[in-house]
Amino acid sequence: MTTITIQVNGKQLATEPDKTILEVCRANDIEILTMCHLKGVMDVGACRLCLVEIEGINKLLSACTTKVAANMVIRTDTERIKKYQRITTELFFAERNHVCSVCVANGKCELQQLGYKVGMDHIRYPFLYPKCELDSSHAWYVIDHNRCIMCTRCVRVCNEVEGAHNWDVMNRGTQVRVISDFNSPWGESVTCTSCGKCVHACPTGAIWPKAIVQGQLEKKPGIINELVEKRKMKL
Amino acid sequence: MNRQDLQLLTDQAKEKKNSCKHTICVCCGASCISSGSEEVLKKLEEEIKSRGLENEVAVIPTGCMGPCNQGPLVKYMPENTIYQKVDCDNIARVVQSQLIDKKPIEDLLLFADSREKPFLNAEEDPFFKKQLKVALLDCGDINPETIEDYFTRDGYKALSDVLFRMSPEDVIAEIKHSRIRGRGGAGYPTGMKWETVYKYVSDQKYVICNGDEGDPGAFMDRSVLEGNPHRVLEGMAIAGYAVGASKGYAYIRGEYPLAIKRFELAIKQARKNGLIGNNILGTNFSFDVDVRIGAGAFVCGEETALIASIEGKRGTPKPRPPFPAESGLWGHPTLINNVETFAGIVPILNKGGEWYSEIGTPKSAGTKVFALAGKINYSGLIEVPMGTTLREIVFDIGGGIQGGGTFKAAQTGGPSGGCIPAEHLDVKMDYEALVNLGSIMGSGGLIVMDQQSDMVDVARYFMEFCMDESCGKCVPCRVGTKMMHDLLHKICAGNGTRIDLDRLEELAVYVKETSLCGLGGSAPNPLLSTLRHFRQEYESRITTPGVKKELQPQS
Amino acid sequence: MNAGFTTLSTELPKTDPRVKLLNARIKKEHYRPDALIEILHTAQNAYGYLPLPVLAHIARSLNLPPSRVYSTVTFYHFFSLKSKGEHTCLVCTGTACYVKGAQKILDEIERQFNLQPGQVSADNQLGVAVARCIGACGLAPAVVIDDEVQGKTEPAAVIEKIHSKTGKP
């Protein structure tokens, strides 16, 4: 295996080509914030939190979808990137109805964690307060679109790992919503296998199991990659 | 069909054309059709027949002639006399005086109602005189629905020459030499794009023609597809040969049924004549083209979104790299060029890259088609050498501002572009100059605004467009455009504050730099450019709450 | 929200000429999932809009998940899940038309018929919609009434034309 050298935040790192910037940084304990990234499923580069500066490229590129190349000089910690991460976080919170104190995921939520990490003390943009539905028609799970951030991790897990493709995204712009089948109640789905992977993939309190109270919710996004890796071993 | 057969067909078509003393062209572009040109065509054919002139006078429908708001247009060849606003009632009079009495009717000549002395030969009119037609060549002179008419203009000769005399490397070298840049808006050098696709090794490659002209106010691609579809098809086939692709797709907006119809007809005719399909002209080269109809999504003009749409999916963009040249349609190397770019390929190969590279400015070679619209006297379709000034386009070609108003700004590049104010009327229009002014060339829409136009409202209008057209995949574009729109709306209504304006500017730069694709990346452009050139209009709208009236900033 | 089981299990009547047309197109495209958009165009042309049982039929025929079909349909402006009315009035709001007063036409339509873009009258006689640009910028402002382009038009003329179509005053 060939080895290449890249520089991240002034530090020289040896790595293999064909890895993404995100993989290399995480392997070397360099923190990169992400929301839509989930190990085990395809990356889509949608949340724009993992943007990095690369010398010689005038655009910011998403670390999760950009492969490393020899002698790449990368910065993940500039003031510009930090500022943009904060704006992105504020926009997440302003877009739908994220009220941590009454959310089932309070304390266990990746979005909440993100808010702490970027040091968000208040939101400078007006809340959009969209009218979002809550669907509790499934026997075991609930989807609450008020808490959804459109990371589409559930969609990808359902399609790529479970192979059910119950979830997809409808409409466009701020009208996008995660849907089950024909935008029909989850409980009436003909494709859902009730496997529960989407529950673990969801970073917020948008998809959760019924009969759970605040503080007890336990999400294990790591099991998705575990499953994927185990399947590879079987082959 | 082999090479000799093509030559024979070309000779026959030319001979037939020359046997007619006169040709009357009736503009059947979408604009003239909606003004009733199809009835005029029918009536004219009857009129010629009733006078027994059908052997010396050929009547043909053609594509767009240019001055769209004067339609329906009828052109007499070889005199090149254009009559405007022809209808079923005055057509007999036109035939009588032009063909029999040989005395043109002055009051029906092109621009007769606005020029002191209209021109008998339309080419002498300033509207045409300053133009140079390359991509639009033959558009408005030939019948787009027959392949024979295209043969009279040496149709498919370039393809034949390429197949028999040039290697793919030669073709790419010639295109590079011409210095033509992508006409879709970004202006990436076409030759380099072709070379990149050529270099990737794959058993399957694709050529895509981007005809998803989504900018409001732009209709260049539509006119080219409607007026000379074979030219685009030939350009695609040549590109296929150069990059090593055997399959092409033309992605055309669903809003353009006539363009779709004519392009599909052209494919059928070319297929029948063996000019596309298997073993073209008896060579080893095979190339076929299918049409894909867009379903109304502006973002599909972005190449990765367009590819997703051809694959039958939601047209959401993907992060680049990888670029389509490496991994495009179904993961194969894919060349995507705009309609206008493909239309320019045939003239370049016929006349040589050298010829093309000498037109225009040092960094932007060739010509550019613009769709003139807005508060301008002569709106329509024009093609000018790069480097023509905005003043020449608006005042010499476009005939100045409607109703004697004053020029305030010209908007180029649609929702991804910006506004050019009056003080920059003498800017030489090319890719770099427009970027320096905070706008972009874009696909060529050019909307003229007069003193009544409210620039803050213009920015709001384009932001609303981008907000509606955002695919919703990435956060900056999905939420950022909505926030900016709301802030602009607030300012327009007179409720905005200094803080709102600051937020707006911060968001604009943020969305521009962080969005996933070109739509979000350019959505703030109309806002940023109006802020740059017309800041006063924003300042005068905002209020400062909590500050005593006498301390309010003077505006 | 739409019904799940019931919609997805509805079969289309085989004798309906529109179903035959649709099936012919699906066959012509060799049941390929990537032809989804072409097939949706055919269905929309045949039905005027895309009823859910038709979408379910397409999903089954192309072997696509229902949510994948629904997500594609709702992404594109061209496709509609609702009936658009017997007569349609499409107002172009492209830049040229906007500059030349498309809003005045929309205002007048709203004043006369109490309909906003995207709405259909209670008797299903008239549907009003807006287009982002129909490409007739030289004829701005342009309105399309039942597939007929009205160029350089004005509010009063549009209202009159609509009345002549719907057969009301």
(message) I'm checking my understanding of the structure. Among residues of region C:44-81 that are touching a residue at least 24 places away in the same chain (Cβ under 8 Å), more than 16 Å from C:Thr6 (Cα to Cα) and small (Gly, Ala, Ser), which one is nearest to the other protein chains (Cβ to nearest Cβ)?
(response) C:Ser80
(request) With respect to A:Glu110, determine if the residue is within 30 Å of A:Gly10 (Cα to Cα) and within 12 Å of chain B (Cβ to nearest Cβ). (result) no
(request) Kindly provide the set of residues from region C:82-110 that are more than 12 Å from every other protein chain (Cβ to nearest Cβ), touching a residue at least 40 places away in the same chain (Cβ under 8 Å) and more than 16 Å from the chain's Cα centre (by Cα), ordered by number. (result) C:Lys104, C:Ile105, C:Asp107, C:Glu108, C:Ile109
(request) Report the residue count in region A:162-179 for those that are over 14 Å from A:Cys202 (Cβ atoms) and open to solvent by less than 10 Å² (accessible area, probe 1.4 Å). (result) 3
(message) Looking at region A:133-173 only, could you name the residues that are among the basic types (Lys, Arg) and more than 7 Å from every other protein chain (Cβ to nearest Cβ)?
(response) A:Arg147, A:Arg153, A:Arg156
(message) Can you list residue pairs whose Cβ atoms sit under 9 Å apart, with the first residue in region A:174-196 being more than 7 Å from every other protein chain (Cβ to nearest Cβ) and in contact (Cβ under 8 Å) with a residue 60 or more places away in the chain and the second being open to solvent by 20 Å² or more (accessible area, probe 1.4 Å) and not acidic (Asp, Glu)? Count only pairs 6 or more apart in sequence or on different chains.
(response) none
(request) Write out, first by first residue and then by second, each pair whose Cβ atoms fall under 7 Å of each other, whose residues are 6+ apart or on separate chains, and whose first residue, in region A:81-96, is more than 7 Å from chain B (Cβ to nearest Cβ) and open to solvent by less than 10 Å² (accessible area, probe 1.4 Å) while the second is assigned to a helix (DSSP H, G or I) and small (Gly, Ala, Ser). (result) A:Thr89/A:Gly115
(message) Would you confirm, using the coordinates I've provided, whether B:Leu349 is modelled with pLDDT of 95 or more, open to solvent by 10 Å² or more (accessible area, probe 1.4 Å) and closer than 22 Å to B:His230 by Cβ?
(response) yes
(request) Please list, ordered by first then second residue, the pairs with beta carbon atoms under 6 Å, 6 or more apart or interchain, first in region B:270-284 and among the basic types (Lys, Arg), second surrounded by 13 or more Cβ atoms within 10 Å (Cβ to Cβ). (result) B:Arg271/B:Gly277
(request) Just give me the residues in region B:481-530 being touching a residue at least 24 places away in the same chain (Cβ under 8 Å) and of a type in the set (Val, Ile, Thr), in sequence order. (result) B:Thr481, B:Ile491, B:Thr497, B:Val511, B:Thr514, B:Thr530
(request) From (1) over 20 Å from B:Phe370 (Cβ atoms); (2) within 14 Å of chain C (Cβ to nearest Cβ), pick out the condition that doesn't hold for B:Gly211. (result) (1)
(request) Quickly run through region B:512-536 and pick out the residues that are under 17 Å from B:Val299 (Cα atoms) and open to solvent by 10 Å² or more (accessible area, probe 1.4 Å). (result) B:Lys512, B:Ser515, B:Leu516, B:Cys517, B:Gly518, B:Leu519, B:Gly521, B:Ser522, B:Asn525
(message) Looking at region B:309-328, can you tell me whether even one residue there is open to solvent by 30 Å² or more (accessible area, probe 1.4 Å), within 8 Å of another protein chain (Cβ to nearest Cβ) and not in a loop (DSSP other than H, G, I, E, B)?
(response) no
(message) If I go through region B:272-297 residue by residue, how many of them are under 23 Å from the mean Cα position of the chain (by Cα) and either open to solvent by less than 30 Å² (accessible area, probe 1.4 Å) or of a type in the set (Gly, Ala, Ser) (or both)?
(response) 7
(message) Yes or no: region B:513-526 includes at least one residue that is farther than 21 Å from A:Leu128 by Cα and away from chain A (no Cβ under 13 Å).
(response) yes
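Name the single residue that is nearest to the other protein chains (Cβ to nearest Cβ) among those in region C:111-122 being out of contact with any strand residue (DSSP E or B) (no Cβ under 8 Å at 6 or more places or on another chain) and under 18 Å from C:Lys161 (Cα atoms). Spell out the reasoning first.
The first filter runs over region C:111-122 and keeps only residues out of contact with any strand residue (DSSP E or B) (no Cβ under 8 Å at 6 or more places or on another chain), leaving C:111-112, C:114, C:122.
Within this subset, residues satisfying the condition of being under 18 Å from C:Lys161 (Cα atoms) are C:111-112, C:114.
Values: C:Arg111: 22, C:Gln112: 23, C:Asn114: 23 Å.
Only one residue tops the list, namely C:Arg111.
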(message) Need the failing condition index for B:Val509 against (1) within 12 Å of chain A (Cβ to nearest Cβ); (2) of a type outside the set (D, E, K, R); (3) over 30 Å from the mean Cα position of the chain (by Cα); (4) open to solvent by 40 Å² or more (accessible area, probe 1.4 Å), just the number.
(response) (3)
(request) Give me a count of the residues in region C:71-97 that are open to solvent by less than 10 Å² (accessible area, probe 1.4 Å) and assigned to a helix (DSSP H, G or I). (result) 7
(request) Look at B:Arg460 and say whether it is part of a helix (DSSP H, G or I), touching a Cys at 6+ places or on another chain (Cβ under 9 Å), free of Cβ contacts under 8 Å to residues at least 60 places away in the same chain and within 13 Å of another protein chain (Cβ to nearest Cβ). (result) yes
(message) Any residue in region B:216-242 that is within 10 Å of chain C (Cβ to nearest Cβ) sitting within a Cβ distance under 6 Å of a residue that is of a type in the set (Val, Ile, Thr) and assigned to a helix (DSSP H, G or I)? List the pairs, counting only those 6 or more apart or interchain.
(response) B:Pro216/C:Thr95; B:Gly217/C:Thr95; B:Asp221/B:Val339
(message) Looking only at residues that are open to solvent by 90 Å² or more (accessible area, probe 1.4 Å) and of a type in the set (Ser, Thr, Tyr) in region C:9-36, which one is nearest to B:Trp330 (Cα to Cα)?
(response) C:Tyr31
(message) Going by what's in this entry, would B:Ser357 be described as of a type in the set (S, T, N, Q) and surrounded by 24 or more Cβ atoms within 10 Å (Cβ to Cβ)?
(response) no
(request) Sort out which residues of region B:120-134 are surrounded by 18 or more Cβ atoms within 10 Å (Cβ to Cβ), out of contact with any strand residue (DSSP E or B) (no Cβ under 7 Å at 6 or more places or on another chain) and of a type outside the set (Asp, Glu), and write them in order of number. (result) B:Phe127, B:Phe128
(message) For region A:168-219, which positions are farther than 30 Å from B:Asp468 by Cβ, part of a loop (DSSP other than H, G, I, E, B), among the hydrophobic types (A, V, I, L, M, F, W, C) and touching a Lys or Arg at 6+ places or on another chain (Cβ under 8 Å)?
(response) A:Leu217
(request) Mind telling me which of the residues B:Ile82, B:Ile91, B:Ile60, B:Ile100 ends up being surrounded by 14 or more Cβ atoms within 10 Å (Cβ to Cβ), more than 15 Å from B:Gly380 (Cβ to Cβ) and either free of Cβ contacts under 8 Å to residues at least 60 places away in the same chain or of a type in the set (D, E, K, R) (or both)? (result) B:Ile91
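The values are calculated or read from the model by the stated rules, or taken from the named source; none is laboratory data. In this text, all values refer to a predicted model and were calculated from it rather than measured experimentally. Glycine gets a Cβ as well: all are built from the backbone with ideal geometry, and neighbour counts include every protein chain shown. All accessible areas refer to the heavy atoms of the entire protein, side chains included, with ligands and DNA or RNA removed. Shrake-Rupley method; radii C 1.70, N 1.55, O 1.52, S 1.80 Å.
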